[in-house]
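Okay, so here's the structure we're looking at.
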Amino acid sequence: MSGMTPSAASLYDRVQRVIPAIEWPVFSDDIDAILRLKRERNAVILAHNYQTPEIFHCVADIVGDSLALARKAMEVEADVIVLAGVHFMAETAKLLNPSKTVLIPDMGAGCSLADSITSEDIRLLRQRYPGVPVVTYVNTSAAVKAESDICCTSGNAKAVVESLGVPRVLMLPDEYLAQNIAAQTDVEIIAWKGHCEVHERFTPQDIREMRAAHPGVTVLAHPECPPEVVAEADFAGSTAAMSDYVGREKPARVVLVTECSMSDNVAVDHPDVEFIRPCNLCPHMKLITLGNIRSALERNEHAVTIDPAVAVRARLAVERMLAV
């Protein structure tokens, strides 16, 4: 570990169980530069639970699921927000902080769910289902949020749906999340055919094979998984809920049926829990690296902009969600 600066060395102590020592020198220069740039620019980094440990645990100031990042973005006092996540998250941060500079390190960091629906699709659905409220997952563009009545995340979707006090809602765009929430409520939910490319790949057979290979394993699944996968799990919830479950229940052996890096990030805080790691990577999340976070801060790229007319309406849908 020679050649590391003291700040990098102290940070490595936190992640040494999930990052091999031989890999650390590749990260340490960027980490030190990012820490310096954050001070110089009065910047904060928001990182989603699917970011890699060297980002999540070493340079991020605020971490969590989409709901946590949305809530905490409103409390940020920095001049610059760097969103280590995907584009819709950066847009949400900009919606809630219109006067701040919001940067996303790679404009290609998209989302299969966000790409699965357009604002025109929602206008057509409103014609087909007049008077039915539109609940839109935060995994959507600002333009889609602007056509919605209220947003939701996987962590608060049931509460949002039931808060409307209506017999049925349109819930877009994640079909599986809608089906999983429908099983928990008496509200009729009309779904869209969008899927997360990470979670849709898991199958019930995957769960059964993991149980056979790792007897006694506790299986936690994300509600973007197909309902038949959720049915095979011991618990289903958002990334925040899965992390909380591990901390609360402390299972001896656990598998998180979600994106790969989530297990590494949770494992850092729970050295006594054995994590089985099924590896479905999100190609969009993995476009965010220490190198392009550093570049974003050095070059002020890539600044997120939203049409003001769209932003006003989209912000209202997000604020309604946060008020639930």
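The values are calculated or read from the model by the stated rules, or taken from the named source; none is laboratory data. The shown structure was predicted, so the numbers you read here are calculated from the model rather than taken from an experiment. As a convention, Cβ positions derive from the backbone with ideal geometry for all residues, glycine included, and neighbour counts pool all protein chains shown. What goes into the accessible areas is simple: the full protein's heavy atoms, side chains included, and nothing from ligands, DNA or RNA. Shrake-Rupley method; radii C 1.70, N 1.55, O 1.52, S 1.80 Å.
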Scope the range 274-303; condition in contact with a helix residue (DSSP H, G or I) (Cβ under 6 Å, 6 or more places away or on another chain), within 25 Å of residue 157 (Cβ to Cβ) and surrounded by 14 or more Cβ atoms within 10 Å (Cβ to Cβ); matching residues: 280
Answer residue from the range 166-199, given it is in a strand (DSSP E or B) and open to solvent by less than 10 Å² (accessible area, probe 1.4 Å) and is nearest to residue 154 (Cα to Cα) among those: 174
Conditions (1) part of a loop (DSSP other than H, G, I, E, B); (2) open to solvent by less than 50 Å² (accessible area, probe 1.4 Å): number failed by residue 247: (1)
Looking only at the range 146-159, and only at residues there that are outside any loop (DSSP other than H, G, I, E, B) and crowded, with 24+ Cβ neighbours inside 10 Å, the one that is nearest to the chain's Cα centre (by Cα): 152
Matching residues, the range 61-82, being in contact (Cβ under 8 Å) with a residue 40 or more places away in the chain, within 11 Å of the chain's Cα centre (by Cα) and farther than 19 Å from residue 281 by Cβ: 64, 67, 68, 70
Answer from 241, 252 - the residue that is out of contact with any helix residue (DSSP H, G or I) (no Cβ under 9 Å at 6 or more places or on another chain), hydrophobic (A, V, I, L, M, F, W, C) and farther than 23 Å from residue 197 by Cβ: 252
The listed residue being hydrophobic (A, V, I, L, M, F, W, C) and outside any helix (DSSP H, G or I), out of 55, 34, 22, 81: 81
Looking only at the range 39-64, and only at residues there that are open to solvent by less than 30 Å² (accessible area, probe 1.4 Å) and touching a Phe, Trp or Tyr at 6+ places or on another chain (Cβ under 6 Å), the one that is farthest from residue 268 (Cα to Cα): 47
